[in-house]
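Below is one structure, written out as structure tokens; comments come after it.
The values are calculated or read from the model by the stated rules, or taken from the named source; none is laboratory data. Bear in mind that the values here come from a model prediction, so they are computed numbers and not experimental data. Here the Cβ positions follow ideal geometry from the backbone for every residue, glycine too, while neighbour counts run over all protein chains shown. Side chains included, ligands, DNA and RNA excluded: accessible areas come from the protein's heavy atoms. Shrake-Rupley method; radii C 1.70, N 1.55, O 1.52, S 1.80 Å.
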Amino acid sequence: MKKQPIGVFDSGLGGLTILKALRRQLPHEDLIYFGDTANVPYGSKSKAAVTKFSLAIARFLQSQGVKLIVVACNTASAQALSELHRQLDVPVMGVIEPGAQRAAAVTQNGRIAVLGTEGTVRSKAYPKAILKRFPKARIIQQACPLFVPLAEESWGKKPAAALIAQEYLKPVQKSRADTVILGCTHYPLLKPVIAKILGKGVTLVDSANTLADAAQLFLAGRAQLETQGKGRVQLYASDDPTRFKHLAEKLLGEKIGTVRLKKLDL
Ligand code: DGL
């Protein structure tokens, strides 16, 4: 069981921010990453569609013999996690709980802002998870749909990104939140521009490290943690693997092997 890989998926590149944290924290584990480039973005799609894509990917990962599936996508975690738990035999972990836990722990003034896709915001998954831990928290949510294409195009440093971010972040600034959850795995790719606009007094929270800690604890608790050898990574994309490979290498800052094409059975 220890030797089995961990499966990780997202609608596209964003989940690679989680993959990076998993590799840092669990260097001996083999990882299989699936980017659903044929169906990105998930954020503006219905719950039914996101659930259908998530189940098809999870079934594929399960067929690869994974010991754990990490849903490295907030939208899919918010909308499809319970169905994944219900229909799969493999344990599944999402990114909402770790992010909510961290935000509730770091806020000083109890005001938390959640940036996410339209689907994540609509689900209210973050407010529910935060209020469970911190019932007095004051939470605002802001959907930032244009952040996903900006991140996918590596446009984080362009003036357009700053202009769009300024607009989206106005209500956040007004709310005086001292903690802002980057509630979409694409958003850490725009962290510098978001941090610059919000300024030093605001803590940006993303789920990557907290999730990697949780995955480590979970596997250790089941005596399934691989502690030897160098972990390998295999990437799959549901469309245009060549473009995905190029962008992924840029994002990860290292060469990756071949990205394989895998069309989903929907
Ligand atoms: N990266 C995904 C998330 O965390 C979704 C982005 C999208 O496909 O809209 O929500």
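Take the residues in the range 3-20 that are open to solvent by 10 Å² or more (accessible area, probe 1.4 Å) and part of a loop (DSSP other than H, G, I, E, B); name whichever of them is farthest from the ligand (Cβ to nearest atom). Selected residue: Lys3. Figure legend. Inter-residue proximity from the range 247-266: first residues without any contact (Cβ under 8 Å) to a residue 40 or more places away in the chain, second residues β-branched (Val, Ile, Thr), beta-carbon distance below 6 Å, spacing 6+ or different chains. Indicated pairs: Glu249/Ile256.
Does the range 91-108 contain at least one residue that is within 14 Å of the ligand (Cβ to nearest atom), more than 26 Å from Thr203 (Cα to Cα) and outside any loop (DSSP other than H, G, I, E, B)? Within the range 91-108, none of the residues are within 14 Å of the ligand (Cβ to nearest atom), more than 26 Å from Thr203 (Cα to Cα) and outside any loop (DSSP other than H, G, I, E, B). Do the conditions hold for Asp30, that is, is it farther than 17 Å from Ala208 by Cβ and acidic (Asp, Glu)? Yes: the conditions hold for Asp30.
Condition first: over 14 Å from the mean Cα position of the chain (by Cα) and more than 14 Å from Leu225 (Cβ to Cβ). Now tell me which residues in the range 1-49 satisfy that. Don't jump to the end; show me each part of the working.
So in the range 1-49, the residues over 14 Å from the mean Cα position of the chain (by Cα) come out as 1-6, 23-32, 37-39, 44-49.
Answer for the range 1-49, where residues must be over 14 Å from the mean Cα position of the chain (by Cα) and more than 14 Å from Leu225 (Cβ to Cβ): Arg23, Arg24, Ile32, Thr37, Ala38, Asn39, Ser44, Lys45, Ser46, Lys47, Ala48, Ala49.
The set of residues in the range 155-202 being among the charged types (D, E, K, R) and without any contact (Cβ under 8 Å) to a residue 40 or more places away in the chain consists of Lys157, Lys158, Glu167, Lys170, Lys174, Lys191, Lys196, Lys200.
Just so you know, in the range 115-154 the residues that are touching a residue at least 60 places away in the same chain (Cβ under 8 Å) and acidic (Asp, Glu) include one that is surrounded by the most Cβ atoms within 10 Å (Cβ to Cβ), and it is Glu152.
Counting only helices (runs of 4 or more DSSP H) wholly contained in the range 131-232, the ones carrying 1 or more residues that are away from the ligand (no atom under 16 Å from the Cβ) and within 21 Å of the chain's Cα centre (by Cα) occupy 159-175, 191-198, 208-221.
Residues are listed down the side, and each one gets a yes or a no for (1) at pLDDT 95 or above; (2) touching a helix residue (DSSP H, G or I) at 6+ places or on another chain (Cβ under 7 Å); (3) among the acidic types (Asp, Glu):
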site	(1), (2), (3)
Val205	yes, yes, no
Ala220	yes, no, no
Glu254	no, no, yes
Leu261	yes, yes, no
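Scanning the range 31-76 for residues that are hydroxyl-bearing (Ser, Thr, Tyr), open to solvent by 10 Å² or more (accessible area, probe 1.4 Å) and in a helix (DSSP H, G or I), which turns out nearest to the ligand (Cβ to nearest atom)? It would help to see each step written out before you state the result.
Pass one, the range 31-76, residues hydroxyl-bearing (Ser, Thr, Tyr): 33, 37, 42, 44, 46, 51, 54, 63, 75.
Checking the rest, the ones that are also open to solvent by 10 Å² or more (accessible area, probe 1.4 Å) come to 37, 44, 46, 51, 63.
Filter once more, so that each one left must be in a helix (DSSP H, G or I): 51, 63.
Working: Thr51: 14, Ser63: 23 Å.
The selected residue is Thr51.
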